[in-house]
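Peer 1: What follows is a structure written as structure tokens; I'll ask about it next.
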Amino acid sequence: MSDFTMINCCLILGACLLSSQVVWSQRVRVEYEVTSSPNGSVNLRCEFTNSGSTKLTQVSWMFERVEGDRHNIAVFHPIYGASFPNKDFVGRVQFTQSSLENPSIRIDKLRMSDAGRYICEYATYPSGNEQGTTTLIMLAKPKNSATAIPVQAGSSEVVVARCEAAQGKPEATISWITAIAGRYNHTSVPEMDGTVTVKSEYRMIPTPAENGKDITCLVNQKTQNEPKTFHLKLVVEYPPTVRIEGYDNNWYMGRTDAVLICEADANPEPTNVTWTAVSGQLPPSVSVDQNRLLVRKVDETVNTTFVCEVKNSLGSAKKEFSATVIEFSLKSPLGIQVVNERMEMPTSASWEHTRATADQPLPKVTSAGPVIGGIIAAVMILCLIGAGVAMYHKRRQRTENGEGPPKHKPPPPMKSGSSTEMLNKPQDKATAITETQPLSNPETYYYETNSGEPVTDLDDDNMGPPANGGTPHVWDGSGHPPDNESTTETLPPYAPADQNDIEASHANIAREESFVSQPMLV
């Protein structure tokens, strides 16, 4: 063990012996410490023990607010009685027993300034004066309060709540409980009577989202059995924000229960709610009940844009809503059919418009039926007009090119080999062309345009060769056969090599021969 440690042990042991000797020699018994509160009472007990041969002559109570500054407040003499020389305690202090052995006193109507040291001192003979000291601790229960401070939403940090423990002794402690981001600070102010006032402020940047949020202040102090709790709600003021609710996308013609509700978020509460229409006055079928717009009967006049305006002491805000009236209820079969038709793919005529709006969201099924019907009708009319004009120009072109239908009724077919003269009258090239292709079957039927009965070839065996048995002689204009040609010679079947040959043969067909008219293109 080191010398330093041994010295410390000796000093501590000596102090203990000295202190025990003092205690053993102390014969004035008092309480070391007492507590009380303002306007209360306190008993200060004092007793001289083991007096033996010691003679007690007088006892005095002295008050020491500041160390070294003592004042007699009560004196008791067995012959002269009690005396209270200090005017601050007159009427408030008295002896509980009139004896030197037990000169306890009671102080009433305590004040915070009464806190301090009270000394009970005996005058004895022959040992002299002996005393004991009691410390009076004044405990002041604080006056606690807390409040939320109304603030306007903004971007600067401000005080939103304040908590206070006023005139307490000992000094109180304050804490905050909240989920809101912020900070707080404390201040302590000593009072003249020895109490302390503690203040705490909570600071944050207020936004509308924090309005109504919870914040709690806790005050702890010795005189309280449990912490004092204050539950607060923040008050953040801001101008209105408006939204319109109640529209169900089913405002059909004739409905009677349609309603729109103007909801506003504002602090303080809105003072005025107004419904108007962009076009001017509200439709006749509409009424207003505070923040509700009631449609007694849905008709074309409510197919408009409504405006709700809300005001409070900090400002105003508006919200527009465009209502759309449909022809049938979406809950009826006709309404479902209309919805399906409007969801079909666009036609080729409107494909470009569909591509242009492909990135936009699908329109609501509440589009006006008459408008869509009119558009579709207009498109169909334009298509019909275009088709008619195209057909007219095409027919006119065919007529100009000689491709139109024959302008006269063709004659009925005649028997082959008859004496009917051949058609060889000169005609212009455009009208003199006749069909020359022979028939491959003698029993082929021909039909007239205006007759329902078939016409057959009535050739018999005694008549000349069949009409389709060969090509008739071609005569010139003089009525004689061509040179080196026999009138009885039968020409081989005709097979034109090209279109020019066909046109040449068409010009020389005899009337007696059967023919088929040229196909007519329609």
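Peer 1: Please tell me if Val242 is farther than 30 Å from Ile174 by Cα, touching a residue at least 60 places away in the same chain (Cβ under 8 Å), outside the structural domain of Gly154 (by TED's automatic domain parsing) and β-branched (Val, Ile, Thr).
Peer 2: yes
Peer 1: With Glu171, Glu101, Glu130, Glu121 as the choices, which residue is among the acidic types (Asp, Glu), assigned by TED's automatic domain parsing to the domain that holds Gly68 and outside any strand (DSSP E or B)?
Peer 2: Only one candidate qualifies: Glu101.
Peer 1: Please go through region 175-196 and give me each residue that is touching a residue at least 40 places away in the same chain (Cβ under 8 Å) and polar (S, T, N, Q), ordered by number.
Peer 2: Scanning region 175-196 gives Ser175, Thr195.
Peer 1: From Ser41, Ser37, grab the single residue that is on the phi < 0 side of the Ramachandran plot, in the same structural domain as Tyr125 (by TED's automatic domain parsing) and under 60 Å from the mean Cα position of the chain (by Cα).
Peer 2: Values: Ser41 fails: under 60 Å from the mean Cα position of the chain (by Cα).
Matching residue, one of Ser41, Ser37: Ser37.
Peer 1: Have a look at Ala172, Ala166, Ala181, Ala153 and point out the one that is of a type in the set (Gly, Ala, Ser) and buried (at least 20 other Cβ atoms within 10 Å of the Cβ). It would help to see each step written out before you state the result.
Peer 2: On the way: Ala166 fails: buried (at least 20 other Cβ atoms within 10 Å of the Cβ); Ala181 fails: buried (at least 20 other Cβ atoms within 10 Å of the Cβ); Ala153 fails: buried (at least 20 other Cβ atoms within 10 Å of the Cβ).
Result of the check over Ala172, Ala166, Ala181, Ala153: Ala172.
Peer 1: Could you tell me how many of the residues in region 187-202 are loosely packed, with under 15 Cβ neighbours inside 10 Å and either part of a strand (DSSP E or B) or touching an Asp or Glu at 6+ places or on another chain (Cβ under 6 Å) (or both)?
Peer 2: Qualifying residue count for the region: 4.
Peer 1: Mind checking which residues of region 259-274 are surrounded by 12 or more Cβ atoms within 10 Å (Cβ to Cβ) and assigned to a loop (DSSP other than H, G, I, E, B)?
Peer 2: Pro268, Pro270, Thr271
Peer 1: Further question: Got a number for residues in region 213-236 being of a type outside the set (A, V, I, L, M), touching a residue at least 24 places away in the same chain (Cβ under 8 Å) and not in a strand (DSSP E or B)?
Peer 2: Of the residues in that region, 5 qualify.
The rows are residues; the columns are (1) surrounded by 13 or more Cβ atoms within 10 Å (Cβ to Cβ); (2) closer than 26 Å to Asn211 by Cβ; (3) of a type outside the set (Phe, Trp, Tyr).
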residue: Tyr238; (1), (2), (3): yes, yes, no
residue: Gly254; (1), (2), (3): no, no, yes
residue: Asp257; (1), (2), (3): no, no, yes
residue: Thr276; (1), (2), (3): yes, no, yes
residue: Ser285; (1), (2), (3): yes, no, yes
residue: Leu294; (1), (2), (3): yes, no, yes
residue: Leu314; (1), (2), (3): yes, yes, yes
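Peer 1: Out of curiosity, is Gly91 assigned to a loop (DSSP other than H, G, I, E, B), surrounded by fewer than 16 Cβ atoms within 10 Å (Cβ to Cβ) and touching an Asp or Glu at 6+ places or on another chain (Cβ under 9 Å)?
Peer 2: yes
Peer 1: While we're here: Pull out all pairs, ordered by first then second residue, where Cβ-Cβ is under 6 Å, the residues are six or more apart or on different chains, the first lies in region 390-403 and is surrounded by 10 or more Cβ atoms within 10 Å (Cβ to Cβ), and the second is at pLDDT below 75 and not in a helix (DSSP H, G or I).
Peer 2: Correct list of pairs: Arg398/Gly404.
The values are calculated or read from the model by the stated rules, or taken from the named source; none is laboratory data. It should be emphasised that the depicted structure is a prediction, and the values quoted were computed from it without experimental measurement. Positions of Cβ are generated from backbone atoms using ideal geometry, with glycine treated the same way; all protein chains shown enter the neighbour counts.
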